[in-house]
Each structure stands twice: as structure tokens, then as C-alpha cells.
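A.B. asks: Handing you a structure now.
The values are calculated or read from the model by the stated rules, or taken from the named source; none is laboratory data. Everything quoted here is computed from the prediction, not taken from an experiment. Note: ideal-geometry Cβ built from the backbone for every residue, glycine included; neighbour counts use all protein chains shown. In case anyone asks, the SASA skips ligands and DNA or RNA and just uses the protein heavy atoms, side chains included. Shrake-Rupley method; radii C 1.70, N 1.55, O 1.52, S 1.80 Å.
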Amino acid sequence: MGTGVMIGAGIFALTGQVAELSGPFFPLAFLLAAIISGFSAYTYIKVSNKYPSAGGIAMILKKAYGPATVTGGAALLMAFSMIINESLVARTFATYTLRLFDLDGTEALVPLLALGLIVFAFLVNIAGNQIIGGISKVAAVAKIGGILLFGILVLWAAGFSFQPASTDSGATTSVTGFLAGVALAILAFKGFTTITNSGDEVKNPERNVGRAISISLAICLVVYLVVAFAVGSTLSIEEISQARDYSLAEAARPAFGDAGVWFTVIIAIIATASGVIASIFAVSRMIAMLTDMDLIPHRHFGMPGNIQTHTLVYTVVAASVLAVFFDLGRIASMGAIFYLVMDVIIHWGVLRRMRADVGANPAVLVCAILFDLVALGAFLVMKAMSDPLIILISVSAIAGIFTFEKLYLSRWRNRTDSHPSEHAD
């Protein structure tokens with residue numbers, strides 16, 4: 001499950017953007033992102049080993065901070081980062097699908113196709129868990145095998161040189177730019193956090209949740225490096241930048257022509273469509289859990305069904321708005337900022353309040369925090385120079401989330417103190 005969640009949509013959506021930031025040696029950005037994700041995974045593994053549950057991130061935050069503003073706010077950051085990822089993947093689906101057609105002015109069709117995929121994913125989720133599980137299993141095999149085959153074939157066509165196609169832009173690649181690329185690449189690995197939600201379903205969770213996370217990260221690293229070297233050995237950085245939203249399809253064209261493009265696009269469609277379906281289910285489940293934990297309010301607005309059905313609707317509406325009004329670059333930027341901030345909050349909470357309880361090494365936790373902060377800082381510097389508006393939007397959104405959470409919890413606590421039998425809805 002962990003490998004299926006991580007591999008696929010992220011590599012299609014992020015390869016071009018990471019290369020644009022990090023330069024011709026962008027495969028190293030994926031390697032460094034994997035190392036940083038490994039340090040981050042240490043925290044999640046330690047807590048999940050001691051307290052295996054279906055709560056995942058929400059459980060870790062609540063144990064570290066209690067039912068406080070920071071718990072609800074950070075959990076919502078994770079939920080929103082996942083919603084942002086859905087819109088990112090939906091637009092990636094659209095950009096790759098349009099590679100099949102020789103049409104002018106296709107940019108206007110991208111949000112429409114993305115919206116169509118999100119609506120389709122909603123209908124699949126409404127149909128039930130068994131259908132989601134069946135689609136996910138078939139798609140996981142197809143996309144992982146297809147992506148590996150793509151990478152191996154393109155590298156074979158390039159003579160397995162593992163050399164950049166062009167180093168013309170290498171001199172202009174800064175350390176800050178490289179680290180900003182690393183921050184984006186981390187998004188391709190963050191799916192390991194969903195494995196922590198399965199602690200009550202896995203045999204011997206105290207041992208196997210951590211093993212699942214470690215093995216998934218290792219497999220993903222191998223696949224991502226194969227793909228990154230394949231793209232980098234076929235296209236120059238300039239060519240990758242020009243086709244950053246569909247760089248894998250363009251990488252297949254020089255060696256295999258239209259057949260290579262069609263193969264890559266089909267794998268991309270499978271990966272992105274299945275990714276949106278699975279992500280919508282996971283986010284709606286997480287938001288429903290936060291509702292049950294009394295960390296966020298709930299209103300059904302006259303809709304039938306249970307809480308998770310309602311949160312499914314909220315998730316789809318939010319992802320649709322992002323997919324329609326934001327391009328891939330800005331969506332990925334918001335996702336990276338939200339996720340890294342949430343990750344730092346989790347490490348800090350475990351370091352300050354849980355490290356002795358779960359047997360965590362404080363040096364590893366400190367390294368995880370520092371790595372996240374360095375990547376986040378470099379990313380913010382790059383965006384401040386190229387797109388300061390997205391920083392303003394992201395910071396405002398984070399401030400709004402924590403302010404909302406503070407007001408809600410204060411109001412809820414006041415109500416429960418005054419009316420012990422009353423439960424916030």
C-alpha cells in the first residue's frame with residue numbers, strides 16, 4: 001500500500017519542476033529528499049511502533065500536544081496538503097492526457113479535465129471501499145511496472161550513460177535552487193505517512209508498520225532515481241523546463257517517437273487517476289476522524305449520509321477549486337510549504353514530550369527538524385524571488401487555519417464547560 005501510494009502521480013507531477021529548480025543533477029535532489037524523508041520517517045515509526053492505531057498523524061499530534069490548537073491546526077495542514085496534492089495530480093492527469101491530441105489552446109482544457117477526474121473519483125468513492133481497493137491493486141501493479149519499464153527503456157536508448165543530456169545551465173544552478181528542488185521532491189515521498197493509518201489492520205504492527213515505511217521508501221528511491229536519470233539523460237534542462245508539466249512523455253519521444261509518448265501518457269493516466277481516487281478516500285477519512293476527535297466542527301448542510309460522506313464532499317469541493325484556479329507550480333509550492341511546516345510540528349512535539357516514552361533518539365529528531373527547516377527556508381527564498389504571491393497565500397492560509405482552530409476549540413471548551421452534556425456538532 002505504501003509503495004502504491006507514493007509511486008506514480010508524484011513522479012509525473014514533480015520531475016520537471018524539481019529539474020527546473022535543481023539543474024542538471026536533479027536526480028541528486030531526489031536522493032537527498034529520500035534521506036530527509038528517512039529522518040522524518042524515524043519519528044513516525046517510533047510513535048507508531050509504540051502506539052499502533054488507525055489515527056496516524058492525528059494520533060501522533062494528539063499524544064504530543066493533547067487536544068490543543070496546535071494538534072487540530074497541524075492535522076488540518078496535513079489534510080489540506082493532501083487536498084492540494086489531489087488537485088496537483090488532477091492537473092497532471094489533464095496535462096498528460098492532452099499530449100494524446102494535437103490541439104491548439106489546450107491550456108483552457110486542463111482545469112476542465114482535472115475537474116472531471118475529481119468528480120469521477122468522487123463517484124468511485126461513493127460506490128464503496130471494495131471498488132476503491134480493487135482499482136488501487138490493479139493500478140498499483142500497472143503504474144509501478146510501467147514507470148520502471150519507462151525508465152529502463154529510456155536509459156537503454158541513452159546507452160545507460162547516466163550523464164546529463166546538457167550541462168549548459170549547470171553554472172546557473174545555485175545551492176538555494178538545488179535545496180528548493182529538494183523541498184519539492186520531498187512531496188514525492190510523503191505518502192509514507194499514510195502507512196501510519198494502518199496500525200490497527202496490520203499483523204504485528206509494532207514491527208511491521210516501521211518495516212513497511214522503510215521498505216516503501218527504499219523502493220520509491222530506486223524507481224525515482226531510474227526515472228530521474230532517464231529524463232535527465234534524454235532531455236536538457238531547457239527542454240525539461242519547457243515541458244515541465246509533462247516531462248516524462250517528452251523524454252520518451254526522442255527514442256521511441258509517438259509510441260513512447262502514448263505508453264508514457266497511458267501510465268500517467270493510470271497513476272494519476274488511481275492516485276486521486278485513493279487520496280480522496282484517505283483525506284475524507286482523516287477529516288472525519290478529526291471531527292470524531294472534536295478537533296474540527298461539522299455541518300452536514302442538509303446532505304444525507306454519514307460524516308465521512310460529508311467530508312468526502314468537502315474534500316472534493318476544495319480540490320476542485322484548487323485544480324481550477326491554480327497552476328501546477330503554485331499547487332506544488334503550497335503543498336510543499338504546508339507539509340514541511342506540519343512535519344516540523346510533529347518532530348518538535350515528539351522531541352519535547354514523547355521521546356523518552358517512545359524511545360526516540362533526540363539527535364535524529366533534531367536532524368529531522370533542521371533538514372526540514374533548511375529545505376523549507378531555501379524553497380521560500382526561491383519563491384520570494386520568483387512568485388512571492390504564493391508565499392503570501394500559503395502563510396495567510398496557515399495563519400487562518402490555526403486562528404480558526406483556536407477560535408473553534410475555545411468556543412467548544414466554553415460550551416462543554418457550561419453544558420457538560422452538550423456535544424459540539
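A.B. asks: Read through the list (1) among the β-branched types (Val, Ile, Thr); (2) at pLDDT 85 or above; (3) open to solvent by 20 Å² or more (accessible area, probe 1.4 Å); (4) closer than 28 Å to ARG330 by Cβ, then give the number of the only condition that ILE240 fails.
C.D. replies: Among (1) among the β-branched types (Val, Ile, Thr); (2) at pLDDT 85 or above; (3) open to solvent by 20 Å² or more (accessible area, probe 1.4 Å); (4) closer than 28 Å to ARG330 by Cβ, the lone unmet condition for ILE240 is (3).
A.B. asks: Next up: If I filter the range 190-203 for residues that are hydroxyl-bearing (Ser, Thr, Tyr), open to solvent by 50 Å² or more (accessible area, probe 1.4 Å) and under 25 Å from ASN49 (Cβ atoms), do I get at least one hit?
C.D. replies: At the first step, the residues of the range 190-203 found to be hydroxyl-bearing (Ser, Thr, Tyr) are 193-194, 196, 198.
Those left that are additionally open to solvent by 50 Å² or more (accessible area, probe 1.4 Å): none.
Looking for residues that are hydroxyl-bearing (Ser, Thr, Tyr), open to solvent by 50 Å² or more (accessible area, probe 1.4 Å) and under 25 Å from ASN49 (Cβ atoms), one finds none in the range 190-203, hence no.
A.B. asks: What residue, of LEU179, LEU155, is at pLDDT 85 or above, part of a helix (DSSP H, G or I) and closer than 30 Å to ILE45 by Cα?
C.D. replies: The match here is LEU179.
A.B. asks: Looking only at the range 243-280, count how many residues are modelled with pLDDT of 85 or more, open to solvent by 10 Å² or more (accessible area, probe 1.4 Å) and closer than 20 Å to GLU20 by Cα.
C.D. replies: Adding up the residues that qualify gives 2.
A.B. asks: Tell me, yes or no, whether the range 375-389 has at least one residue that is at pLDDT below 95, farther than 18 Å from VAL182 by Cα and either assigned to a helix (DSSP H, G or I) or among the hydroxyl-bearing types (Ser, Thr, Tyr) (or both).
C.D. replies: Yes; the residues of the range 375-389 include at least one that is at pLDDT below 95, farther than 18 Å from VAL182 by Cα and either assigned to a helix (DSSP H, G or I) or among the hydroxyl-bearing types (Ser, Thr, Tyr) (or both).
A.B. asks: Can you find a residue in the range 240-248 that is in contact (Cβ under 8 Å) with a residue 40 or more places away in the chain, farther than 30 Å from LEU76 by Cβ, β-branched (Val, Ile, Thr) and assigned to a helix (DSSP H, G or I)?
C.D. replies: Filtering the range 240-248 down to residues in contact (Cβ under 8 Å) with a residue 40 or more places away in the chain leaves 240-241, 243-248.
Pick out the ones that are also farther than 30 Å from LEU76 by Cβ and you get 240-241, 243, 246-248.
In the following step, the residues that additionally are β-branched (Val, Ile, Thr) were identified as 240.
Restricting the remaining residues to those that are assigned to a helix (DSSP H, G or I) gives 240.
Yes, the conditions are met somewhere in the range 240-248.
A.B. asks: (1) of a type in the set (Asp, Glu); (2) open to solvent by 20 Å² or more (accessible area, probe 1.4 Å); (3) modelled with pLDDT of 90 or more: which one isn't true of ASP343, the others all being true?
C.D. replies: (2)
A.B. asks: Can you tell me which residue in the range 304-320 is farthest from the chain's Cα centre (by Cα), limited to those that are open to solvent by 50 Å² or more (accessible area, probe 1.4 Å) and at pLDDT below 80?
C.D. replies: Filtering the range 304-320 for residues that are open to solvent by 50 Å² or more (accessible area, probe 1.4 Å) and at pLDDT below 80, the one farthest from the chain's Cα centre (by Cα) comes out as PRO304.
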